[in-house]
Amino acid sequence: MIVLEKRPQPSRGWSMSTPVLAVLATMVAGGLLFGLLGKNPFLAIETIFWEPLFGEFASYYRPQLLVKAAPLVLIAIGLSLGFKAGIWNIGAEGQYIIGAICGAGVGLAFYPLEAWYIFPLMVIGGALGGWAWAMIPALLKVRFGTNEILVSLMLVYVAEKLLASMALGLLKNPQGFGFPGSRNLNDYASATSWISQDVGLHWGMAAALIAVIFAYILLNRHMLGFQIRLTGEAPRAARFAGVNPSRLILFCLGASGMLAGLAGLFEVAGPSGQITIDFNANYGFTAIIVAFLGRLHPIGILLAGLLMALTYIGGDIAQGNLGLPAAAVQVFQGMLLFFLLAFDLLTNYRIRLKTREVA
Amino acid sequence: MDLSQINPVLLIASLMVAATPLLLATIGELVVERAGVLNLGVEGMMIVGAISGFAVAVETDSAWLGFLAAAVGGAVLSLLFVLLTQVALANQVASGLALTLFGLGLSSLMGQSYVGIKPPAMARLDIPVLSDLPVIGPILFRHDPLLYIAILIIAGVWAVLTFTRAGLILRAVGENHDAAHALGYKVVRIRIMAILFGGACAGLGGAYISLIRVPQWTEGMTAGVGWIALALVVFASWKPWRVLLGAYLFGGITVLQLNLQAAGVAIPVEYLAMSPYVVTIVVLVILSADKSRAPASLGRPFHATS
């Protein structure tokens, strides 16, 4: 009989190797899925994982990788802080939208003035927007004990409606011939987040890297990071140690909201360019997968973000070359999280074969 | 603006239709939570139910078979949640999210060839005399059969939880799984059955949207109903009959804002469309003061050590 035996401490080795195992298992299961859809599974997997990096047009796809990974990493870093402490911000998608609206709003307010300070102000606007949106569930949780999962998620839908209202109303391009959507910020030199569009670099990538480094220092070298980890691993011990749970909730939700807002701003001022009705691209939800795949560890998240970006770009190529449906990639990403959570069993438990003893 | 366009009788009748998906998903999740499991994958199970029900109904030209397939589809997806949380002992919050993300992708993959098709209609109840009564007729006796079945499910869940031994065991597992285990009840087995029931109910709720309420298939058409269902369980303080009250309240808000949109109220459409979500948050805040009603083992993993 197979018996699960809880490990006294999570295994470090398994903790590092489960993401790799999960990716391999997803490739196998994904290959089966693609096979069921009538595509050549080996070709599909190769297209997704190999083509963007080393294929014929890799020089075009490689910078795209960073463009996709930047918002994912930025959001996932924020989420991971809360997830570590058992504070579940599921509404990053909403904070991302509000960050984009606020940031773009600041930029458009200055149009057509050209000045060096416009972009920094937009960054502040985006960060504050995302922060404020995340403060709603945070304050409700601290003050009334309301479940932050449900509130932050409901606010995603509210933010989506707000986005539609902004794209059709307040932020609509007055010279857009009545089409919904704002002015394109890429045509507005002071408000674009591109460092160099030819190389494919924008400030969001720099911000993502800075966030990774900051999160690493915070978690490993700072008292607050220690408190976050302690609360997640041993809530009772954390209470005895005098950790203030309210402060932690406000910090974790605030930080993740701010980072999601920043991701939204860099996206709207760069790769996307304008506020449109369907501006949001589910980065806020995919980032949840990224955070778990990266084991809630800053460096892990950086790698996981790049891998997830790879599936996006590879999925796009497979869509064009093989006619693989876009939704297949979404299923693929969902599978990844499944396998990861399932394999995590090996991190926390030992599997033992036990011969049945005579009672 | 012309509020006189809104007919109160039709409003109540359509409110009941709007509330039914919510009703089905919520009662399922209520049973799951009473067994001590928090399944955040309701939205995913609903949307998979919506498309599996729709596909089967279109292929077989029978709405009944569609609903059956929807229940099976929802339950099959919840089986993944069972594997993760009951077998692999994974975190329930993360597993539920995974279920929703996966379900949303899976449903749009399954539904690709079903966009823009009309499903077979389900015959409505038509009782001579009763259905023709003014006011009462359209409200009580002129709906599709599933609306009544949903109410029967609530009555059934209430009766089972309150009066039967099975209900008592289910509640015991949810309140204190260690004690239930010590008494010799199969905690994991009971929870698996509860989760499967929740999945089937969510699937039915999803198919109600795609087969009766809308009726057609569009991607992501559940639009957060599954999440509102999770909030409604809290609203109902884990009591079956209050689910009915809560679902009709939310159905009422949804229908009323749609009617106000149609009547051309001076509030922009987007802000009206926000209202169900905002109201959910407000309700959650009001009710979060009292947590004493939540099952004590809710969300805690159970691992029997021998």
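The values are calculated or read from the model by the stated rules, or taken from the named source; none is laboratory data. In this text, all values refer to a predicted model and were calculated from it rather than measured experimentally. Cβ coordinates were reconstructed from backbone atoms using ideal geometry, including for glycine residues, and neighbour counts include every protein chain displayed. SASA here: full protein model, heavy atoms, side chains in, ligands and nucleic acids out. Shrake-Rupley method; radii C 1.70, N 1.55, O 1.52, S 1.80 Å.
Inclusion of A:Leu139 among residues that are open to solvent by 60 Å² or more (accessible area, probe 1.4 Å) and assigned to a helix (DSSP H, G or I) is warranted. Based on this model, can you work out whether A:Ile97 counts as more than 12 Å from every other protein chain (Cβ to nearest Cβ) and within 16 Å of the chain's Cα centre (by Cα)? Taking the combined requirement at face value, the residue satisfies it.
Within segment B:108-125, count every residue that is over 15 Å from B:Ala63 (Cβ atoms), away from chain A (no Cβ under 14 Å) and crowded, with 20+ Cβ neighbours inside 10 Å. Qualifying residue count, segment B:108-125: 0. Take the conditions more than 14 Å from chain A (Cβ to nearest Cβ), touching a helix residue (DSSP H, G or I) at 6+ places or on another chain (Cβ under 6 Å) and either assigned to a helix (DSSP H, G or I) or over 23 Å from B:Gly41 (Cα atoms) (or both) and apply them to B:Ile228. Does it pass? The answer is no for B:Ile228. When restricted to residues that are open to solvent by 40 Å² or more (accessible area, probe 1.4 Å), touching a Phe, Trp or Tyr at 6+ places or on another chain (Cβ under 9 Å) and within 14 Å of another protein chain (Cβ to nearest Cβ), segment B:197-225 contains 1.
If we scan segment A:212-231, do we find a residue that is within 18 Å of the chain's Cα centre (by Cα), among the small types (Gly, Ala, Ser) and surrounded by 21 or more Cβ atoms within 10 Å (Cβ to Cβ)? Looking through segment A:212-231, at least one residue is within 18 Å of the chain's Cα centre (by Cα), among the small types (Gly, Ala, Ser) and surrounded by 21 or more Cβ atoms within 10 Å (Cβ to Cβ). Per the listing A:Ser11, A:Ser17, the residue uniquely free of Cβ contacts under 8 Å to residues at least 12 places away in the same chain, of a type in the set (Ser, Thr, Tyr), closer than 22 Å to A:Leu337 by Cα and away from every other protein chain (no Cβ under 14 Å) is A:Ser17. Of all residues in segment A:321-338, those that are more than 9 Å from chain B (Cβ to nearest Cβ) and open to solvent by 60 Å² or more (accessible area, probe 1.4 Å) total 1.
Being under 30 Å from B:Ile51 (Cβ atoms) and either surrounded by 17 or more Cβ atoms within 10 Å (Cβ to Cβ) or at pLDDT below 85 (or both) is a description that does not apply to B:Arg171.
How do the helices (runs of 4 or more DSSP H) wholly within segment B:85-170 filter down when requiring 1 or more residues that are closer than 25 Å to B:Leu232 by Cβ and touching a Gly at 6+ places or on another chain (Cβ under 9 Å): which remain? Outline the logic, then answer.
Working: elements: B:92-110, B:136-140, B:145-163.
Filter on segment B:85-170 gives B:92-110, B:145-163.
In this structure, is B:Ala98 open to solvent by less than 30 Å² (accessible area, probe 1.4 Å) and at the interface with chain A (Cβ under 8 Å from one of its Cβ atoms)?
Details: open to solvent by less than 30 Å² (accessible area, probe 1.4 Å): yes; at the interface with chain A (Cβ under 8 Å from one of its Cβ atoms): yes.
Considered against the rule, which asks whether it is open to solvent by less than 30 Å² (accessible area, probe 1.4 Å) and at the interface with chain A (Cβ under 8 Å from one of its Cβ atoms), B:Ala98 comes out as yes.
Residues in segment A:247-269: is at least one over 20 Å from the mean Cα position of the chain (by Cα), in a helix (DSSP H, G or I), among the hydroxyl-bearing types (Ser, Thr, Tyr) and under 25 Å from A:Ala132 (Cβ atoms)?
We begin by selecting, within segment A:247-269, every residue over 20 Å from the mean Cα position of the chain (by Cα); these are A:247-248.
Imposing the further condition that a residue be in a helix (DSSP H, G or I) reduces the set to A:247-248.
Of the ones still in play, those that are also among the hydroxyl-bearing types (Ser, Thr, Tyr) are none.
The answer is no; no qualifying residue exists.
Hey, can you tell me all the residues within segment B:30-41 that are more than 11 Å from every other protein chain (Cβ to nearest Cβ), open to solvent by less than 10 Å² (accessible area, probe 1.4 Å) and either of a type in the set (A, V, I, L, M, F, W, C) or without any contact (Cβ under 8 Å) to a residue 40 or more places away in the chain (or both)? Across segment B:30-41, the qualifying residues are B:Leu30, B:Val32, B:Ala35, B:Val37.
Out of B:Gly73, B:Gly49, B:Gly103, B:Gly44, one residue alone is under 16 Å from the mean Cα position of the chain (by Cα), at negative phi, open to solvent by less than 10 Å² (accessible area, probe 1.4 Å) and away from chain A (no Cβ under 14 Å). It is B:Gly49.
May I ask you to list the residues in segment B:242-276 that are part of a loop (DSSP other than H, G, I, E, B), more than 12 Å from every other protein chain (Cβ to nearest Cβ) and at negative phi? It would help to see each step written out before you state the result.
Just the residues of segment B:242-276 that are part of a loop (DSSP other than H, G, I, E, B), to begin with: B:264-268.
This time we only want the ones that are more than 12 Å from every other protein chain (Cβ to nearest Cβ), so: B:264-266.
Correct list: B:Val265, B:Ala266.
One residue is enough: does segment B:133-145 have a residue meeting the conditions modelled with pLDDT under 90, open to solvent by 20 Å² or more (accessible area, probe 1.4 Å) and among the acidic types (Asp, Glu)? First the steps, then the outcome.
Residues of segment B:133-145 that are modelled with pLDDT under 90, as a first pass: B:133-145.
Still in the running and open to solvent by 20 Å² or more (accessible area, probe 1.4 Å): B:133-136, B:138-142, B:145.
Filter again for among the acidic types (Asp, Glu), leaving none.
No.
Please work out which residue is modelled with the lowest pLDDT, limiting yourself to segment A:108-128 and to residues that are out of contact with any Ser or Thr (no Cβ under 7 Å at 6 or more places or on another chain) and under 19 Å from A:Leu168 (Cβ atoms). Step by step, filter segment A:108-128, then rank; the result is A:Tyr111. For segment A:56-66, indicate whether the set of residues that are more than 14 Å from every other protein chain (Cβ to nearest Cβ) and in contact with a Gly (Cβ under 6 Å, 6 or more places away or on another chain) is non-empty. Checked against the condition, which is being more than 14 Å from every other protein chain (Cβ to nearest Cβ) and in contact with a Gly (Cβ under 6 Å, 6 or more places away or on another chain), segment A:56-66 yields at least one hit.
Give the residues of segment A:185-202 that are buried (at least 21 other Cβ atoms within 10 Å of the Cβ) and under 22 Å from A:Ile301 (Cβ atoms), sorted by residue number. Answer for segment A:185-202, where residues must be buried (at least 21 other Cβ atoms within 10 Å of the Cβ) and under 22 Å from A:Ile301 (Cβ atoms): A:Ser193, A:His202.
Considering (1) in a helix (DSSP H, G or I); (2) modelled with pLDDT of 85 or more, the lone condition that A:Gln330 does not fulfil carries the number (2). Taken together, the criteria exclude A:Ala318 from residues that are within 16 Å of the chain's Cα centre (by Cα) and more than 8 Å from chain B (Cβ to nearest Cβ).
B:Gly246 meets the conditions (1) modelled with pLDDT under 85; (2) more than 11 Å from the chain's Cα centre (by Cα) in every case but one. The failed one is (1).
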